[in-house]
1. Compute, for the chain, the length of the dipole vector about the Cα centre, with Cβ point charges of +1 (Lys, Arg) and -1 (Asp, Glu) only. Units Debye, rounded to 20.
2. Sorted by mean Cβ packing within 10 Å, highest first, what order do the peptides 41-54, 61-74 take?
3. Identify, among A84, Q16, P53, the residue whose Cα sits farthest towards the positive end of the charge dipole of segment 13-122, taking +1 on the Cβ of Lys and Arg and -1 on the Cβ of Asp and Glu, with the dipole about the Cα centre.
4. For K41, go through the lysines and keep the ones whose alpha-carbon is under 28 Å away, minus same-chain ones fewer than eight residues off.
5. Take the alpha-carbon positions of the chain, form their convex hull, and give its projected area averaged over all directions (one quarter of the hull surface) in nm².
6. Please identify, among D125, D23, D15, the residue showing maximal mean-square fluctuation in a Gaussian network model of the chain using a 10 angstrom Cα cutoff.
7. In degrees, nearest 10, range 0 to 90: what is the angle between the Cα axis of helix 7-36 and the longest Cα principal axis of the chain?
Amino acid sequence: MKVSVSPETLKHLADQLSLIEQDLKAVKVQLRNLYAAEGGKEILVQTIRAVAPLAEVVRAGGTVTPLELSWFCRKYGKHPKGAAGYFTGAKPSMRSGEGGQRMITEHGLSRVRQLELEYGEDWLDRIPLDLVSNPDVDAEAEIYL
């Protein structure tokens, strides 16, 4: 038995599914925030995505390979190509070293230390990776640490 569905119906169903998925993601974020709100501080997902890879480099001793930096970026939902921004501007957060190694700069270290002061030294361990690493979660979303 073959079932036939019009393209308009398929589009309508796909649109409804997309809305349901968006609502579900929003509810998940709200639930996590409710659980973490007690004593937690707000932080934007984009802040985590920008600074957490730098914090991983600091944890690794301040110097990593390009592959390790790419992995850290992916872990926190940042596209590895976005890491190029760490090496540019008036105050770069990273620099290239011998053999292509990637090294944290004083400015990069100060960005990490600033978040440690605000959210605690264990902030990196409290990041909800299921949310932050998900590219469908809006970078402007707020979570609690």
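Laboratory data are not the source of any read-out in this text; all were calculated from the coordinates shown. Note that the structure is predicted; figures quoted are calculated from it, not measured. As a convention, Cβ positions derive from the backbone with ideal geometry for all residues, glycine included, and neighbour counts pool all protein chains shown.
1. Working: 18 positive and 20 negative charges, 99 e Å.
Result for the chain is approximately 480 debye, rounded to the nearest 20.
2. On the way: 41-54: 20.4, 61-74: 16.0.
Averaged packing, sorted descending, gives the order 41-54, 61-74.
3. A84
4. K25, K28, K75, K78, K91
5. Numbers: hull surface 50.9 nm².
In nm², the orientation-averaged hull projection of the chain is 12.7.
6. Among D125, D23, D15, the largest mean-square fluctuation in the Gaussian network model of the chain belongs to D15.
7. So the inclination is approximately 50 degrees.
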